[in-house]
1. Of (1) at pLDDT 95 or above; (2) more than 19 Å from residue 121 (Cα to Cα), residue 175 satisfies all except one. Which?
2. State whether one or more residues within the stretch 171-181 are of a type outside the set (Ser, Thr, Tyr) and over 22 Å from residue 253 (Cβ atoms).
3. Please enumerate the residues belonging to the stretch 212-243 that are in contact with a Leu (Cβ under 9 Å, 6 or more places away or on another chain) and part of a strand (DSSP E or B).
4. Look through 272, 225 and report the one residue that is within 27 Å of the chain's Cα centre (by Cα) and touching a residue at least 40 places away in the same chain (Cβ under 8 Å).
5. Just one of the numbered conditions (1) over 19 Å from residue 128 (Cα atoms); (2) open to solvent by 40 Å² or more (accessible area, probe 1.4 Å) is not true of residue 218; which one?
6. Would you mention how many residues in the stretch 164-211 are open to solvent by 40 Å² or more (accessible area, probe 1.4 Å), part of a strand (DSSP E or B) and in contact with a Lys or Arg (Cβ under 7 Å, 6 or more places away or on another chain)?
7. Does residue 73 fit the bill of being touching a helix residue (DSSP H, G or I) at 6+ places or on another chain (Cβ under 7 Å) and open to solvent by 50 Å² or more (accessible area, probe 1.4 Å)?
Amino acid sequence: MEPPMEPSGGEQEPGTVRLLDLPWEDVLLPHVLNWVPLRQLLRLQRVSRAFRALVQLHLAGLRRFDAAQVGPQIPRAAFSRLLRDAEGLQELALAPCHEWLSDEDLVPVLARNPQLRSVGLANCGQLSRRALGALAEGCPRLQRLSLAHCDWVDGLALRGLVDRCPALEELDLTACRQLKDEAIVYLAQKLSAGLRSLSLAVNANVGDAAVQELARNCPELEHLDLTGCLRVGSDGVRTLAEYCPALRSLRVRHCHHVAEPSLSRLRKRGVDIDVEPPLHQALVLLQDMAGFAPFVNLQV
């Protein structure tokens, strides 16, 4: 694309080359604008009509958009302007938009970007089942999705998602408190061996039935967060130890019904567990009380 002609405000000295004189698609877009933060691009496009055209051409070819690069609170108008022409996005992270992001803002972006592989919607509480339906319908190659603290996500919405997005590998459902065992069982059966990482943290509706079904259907599961899942107990953890050989990390803090014997088999395999074994906890407590670390002969 040739740069648009625009008055320079003065005569250009013979032999000098201005930035916009360089080839846009061969030089400026891949080797210059790709290294400019989004926040600076917003400022750059205010310089002139030619710079605005250059920036819009760059934005139209974006593969990754992270709203955090614009600022902690991106305005709705800036969001709309930045993604107006984007049609090749593969990654989309919108957590900083959580205060205002609605279905009307998000659905058109999803419709224009069917190649999306990763989407982050953490804390976006103004969305609804419609947005998740549009994501499932329009982005069948989706692999990573964060819906943390989206309390509008229910079992019906989750079913529609896993039915249409069989490539999902990482799913964050932290504090999606409408979800119950039945929804997680359905998820496990649909995603099965493809699921690698799942967070069900801070959901008192999730219990051993869901965890056991995950274990039996998802042998490649590597990371599972059950923090604060008060109904999860030792039976679920034992099933994980039996059926999930790829498990690398397990979060069970505040799961008061999970006993140490069920965790010991995972510890021996080197699984990272966020709850210390009882002996270690006792030694730390004793050190805090006595002010020193006592010598303990563990071979006795």
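The values are calculated or read from the model by the stated rules, or taken from the named source; none is laboratory data. These numbers were taken from a predicted model, which means no experiment stands behind them. Quick reminder, even Gly has a Cβ in these numbers, built from the backbone with ideal geometry, and neighbours come from all protein chains shown. Ligands, DNA and RNA are excluded from the accessible area calculation, which covers all protein heavy atoms including side chains. Shrake-Rupley method; radii C 1.70, N 1.55, O 1.52, S 1.80 Å.
1. In the conditions (1) at pLDDT 95 or above; (2) more than 19 Å from residue 121 (Cα to Cα), residue 175 misses (2) alone.
2. yes
3. Within the stretch 212-243, 223, 224, 225 meet the criteria.
4. Being within 27 Å of the chain's Cα centre (by Cα) and touching a residue at least 40 places away in the same chain (Cβ under 8 Å) holds for just one of 272, 225, which is 225.
5. With (1) over 19 Å from residue 128 (Cα atoms); (2) open to solvent by 40 Å² or more (accessible area, probe 1.4 Å) applied to residue 218, the lone miss is (2).
6. 1
7. The answer is yes for residue 73.
To keep it simple, each residue is scored yes or no on (1) within 20 Å of residue 167 (Cβ to Cβ); (2) open to solvent by 70 Å² or more (accessible area, probe 1.4 Å); (3) touching a residue at least 12 places away in the same chain (Cβ under 8 Å); (4) among the hydrophobic types (A, V, I, L, M, F, W, C).
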position: 36; (1), (2), (3), (4): no, no, no, yes
position: 52; (1), (2), (3), (4): no, yes, no, no
position: 69; (1), (2), (3), (4): no, yes, yes, no
position: 89; (1), (2), (3), (4): yes, no, yes, yes
position: 92; (1), (2), (3), (4): yes, no, yes, yes
position: 96; (1), (2), (3), (4): no, no, yes, no
position: 107; (1), (2), (3), (4): no, no, yes, yes
position: 120; (1), (2), (3), (4): yes, no, yes, no
position: 128; (1), (2), (3), (4): no, no, yes, no
